[in-house]
Every structure is written in structure tokens, then in C-alpha cells.
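**Student:** Handing you a structure now.
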Amino acid sequence: LIHFYKRFIRKMLRKSFGTLLKSSSRALSTTSARTGGSGLQVHRDTPENNADTPFEFSAENKTRADAIMEIYPDGHKRAAVIPLLDLAQRQNGGWLPISAMHHVADFIGMPRMRVYEVATFYTMFMRNPVGKYHVQICTTTPCWLRGSDEILKAIKENLNIGVGGTTDDKMFTLTEVECLGACVNAPMVQINDDYYEDLTENDMHEILNDLKAGKKPPAGPRSGRYAAEPFGAATSLTETPPGPGQFVRADL
């Protein structure tokens, strides 16, 4: 009888977890898993990304790197690894080859494995090539409720690529990401360092078309808002706030 129950429990667990994995396929097959931003942790050599790929800081970035190192006191220089990896990624067109990780490790004087640990942990580091414009669309709950699915569809139609893909001319890469911290301006996308917020499908097409034409679309809300203020009049805290000394006892 005990043997029967053990087999029954194993069967139910396999069935339950199998259903869970199938229902979670979207989460388990994320863009980062395909583009190297915290997905596949093991490096795979490619012709454009291997230990022999040439990389060293340019003269200008070497000066920046030296200035970054000066921020950190002796004994804590390894804390510069994140800004130096970011500097290397920016120099390399938005992605971080393993040779750049090696250069940063040598520059700081820390084991390469420690640099790998940082580069594979943070999704900001793209360990495979991306396009000139890295389009990151947030599809977490607030953006989804505000229409991120429609924005994603517009991007796919305009660029003719899917999530995780790069256009043939290497100009655009599309990534689906988690919360980018602009929920009050949902839906939104991040393109390189710029946030584009309060988007409609027409806005998204206009932004992408401007980038294709070599123009720089203005970042920020597309709805006419300056930042994250309400669309209409204030609905709370509408009374004049009490002035200094108001409601204070006269003898104080």
C-alpha cells in the first residue's frame, strides 16, 4: 500500500509540474535567454565573440576608466567593475564580448570569474550582439494593462522582427523586459538610454520611422505631459496647505 501511494504521488507531481512548465513557457523562454542578458550563463564562442576578439579601452575611455577607478578607495577597487563593464559595452556598440570582460578584469586586477559573475547576473549587460538601437519594451502588469501588447505588435510590424530578433541591417534589436520603473507613464519602451512613454501605436511607428530616417525623436511622454503629473486637475490635496504656526497654541 505504501508503495502504491509513493507511485501515485510521483505521478501527480510529474503531472502538476509538467502543466506548470507548459503554462510558463513564455517566462522561461525570455529575450534575455536568447540575447545573453542573464539568460544562458555559459559562454559559447562565436566568430564575433571569443577570447581573441580584439578589445581595449580607447584613449578617451581609458581616461574615463582611470577617473572611475579613482572614485573607489584602495582595497575596494573591484567595486568599479559595473561602471567599467558599462563603459566597455558602450564602446563596443551596446554589447559586451567576453574579450571586453577580460580587459576589464585585467584593468581592475581581479579574477576573470568574478567579472563573469557580474556580467551574467545583471540584465543590463548584453553578451551577444545587438542592433544600433536596442528597443526594450516593458510588458509587465501596469504596461500590459495600458496596452503594451498593442505597442509590441506595432514594433513587430514596423521592424518585421520578433522578440529577441535583430533587423537584417543590424539597426534594431527588440527585447521584451520586465518593469523599467515608469509605470505611471505606461505603456513605454526604452531605446538605448531614452524612455518613450504614454505611447500609442501611432507614436511607436513615428518613433521607429524617425530613427530609421536618422532623426532623434524627443524622449519622454508622448501625451503632452511634462513628466508624470496627472492628465487632469488634481483630485486630492486640493486645499490650501496650512501656513507656519497655524493650528499651534498661542502660548507656544
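**Student:** Solvent-accessible area of LYS62, probe 1.4 Å, all protein chains present, reported in Å² to the nearest ten, please.
**Tutor:** 90
**Student:** Measure off 7 Å from each Cα along the Cα-to-Cβ vector at GLU178 and ASP86, then give the distance between these two points in nanometres to one decimal.
**Tutor:** Here the answer is 1.9 nm between the modelled labels.
**Student:** Next up: Can you pull out the chymotrypsin sites (Phe, Trp or Tyr not before Pro) in segment 178-252 that DSSP calls coil and that have at most 11 other Cβ atoms within 10 Å?
**Tutor:** TYR226, PHE231, PHE247
**Student:** Shifting gears a bit: For ASN160, project a label point 7 Å along Cα to C-beta. Then give me every residue of segment 201-238 with its amide nitrogen under 19 Å of that point.
**Tutor:** Zone members listed by number: 205-214.
**Student:** What length, rounded to one decimal in nm, is gained on full extension from VAL42 through to TYR122, with 0.36 nm per residue of separation minus their alpha-carbon distance?
**Tutor:** 27.4 nm
**Student:** Which translational diffusion coefficient, to the nearest whole µm²/s, is obtained for segment 109-252 from the Stokes-Einstein equation, given a Kirkwood hydrodynamic radius over C-alpha pairs, 4 °C and 1.567 mPa s?
**Tutor:** 73
**Student:** What aspartates and glutamates does LYS62 reach when the alpha-carbon gap must be under 16 Å and sequence neighbours fewer than 8 apart in one chain are set aside?
**Tutor:** Here the aspartates and glutamates satisfying the reach criterion relative to LYS62 are GLU70, ASP86, ASP106.
**Student:** At 7 Å along Cα-to-Cβ for each site, give me the label-to-label distance between HIS102 and ASP169 in nm.
**Tutor:** Using points 7 Å along Cα→Cβ, the separation is 3.5 nm.
**Student:** Could you state the number of Å between the C-alpha centres of segment 188-249 and segment 98-156?
**Tutor:** The two parts, judged by their Cα centres, are 25 Å apart.
**Student:** Using alpha carbon coordinates only, what is the Rg to Rh ratio of segment 52-136, with Rh defined as the Kirkwood radius?
**Tutor:** 0.95
**Student:** In segment 103-252, carbon and sulfur make up what percent of the accessible area (probe 1.4 Å)?
**Tutor:** Heavy-atom surface of segment 103-252 belonging to carbon and sulfur, 1.4 Å probe: 54 percent.
**Student:** Can you pull the three principal axis extents for the Cα set of segment 169-252, in Å, largest first?
**Tutor:** For segment 169-252, the Cα extents along the three principal axes come out at 77, 23, 19 Å.
**Student:** Take the Cα radius of gyration of segment 159-205 and divide it by 2.2 N^0.38 Å, with N its residue count; two decimals is plenty.
**Tutor:** Dividing the Cα Rg of segment 159-205 by 2.2 N^0.38 Å gives 1.21.
**Student:** What distance in nm lies between label points placed 7 Å from Cα along the C-beta direction at ALA233 and ASN202?
**Tutor:** It works out to 2.8 nm between the two label points.
**Student:** With every protein chain kept in place and ligands, DNA and RNA left out, what is the accessible area per residue of segment 60-132? Probe 1.4 Å, answer in Å².
**Tutor:** 51
The values are calculated or read from the model by the stated rules, or taken from the named source; none is laboratory data. If you're wondering where the values come from, they're calculated on a predicted model, not measured in any experiment. Glycine gets a Cβ as well: all are built from the backbone with ideal geometry, and neighbour counts include every protein chain shown. Side chains included, ligands, DNA and RNA excluded: accessible areas come from the protein's heavy atoms. Shrake-Rupley method; radii C 1.70, N 1.55, O 1.52, S 1.80 Å.
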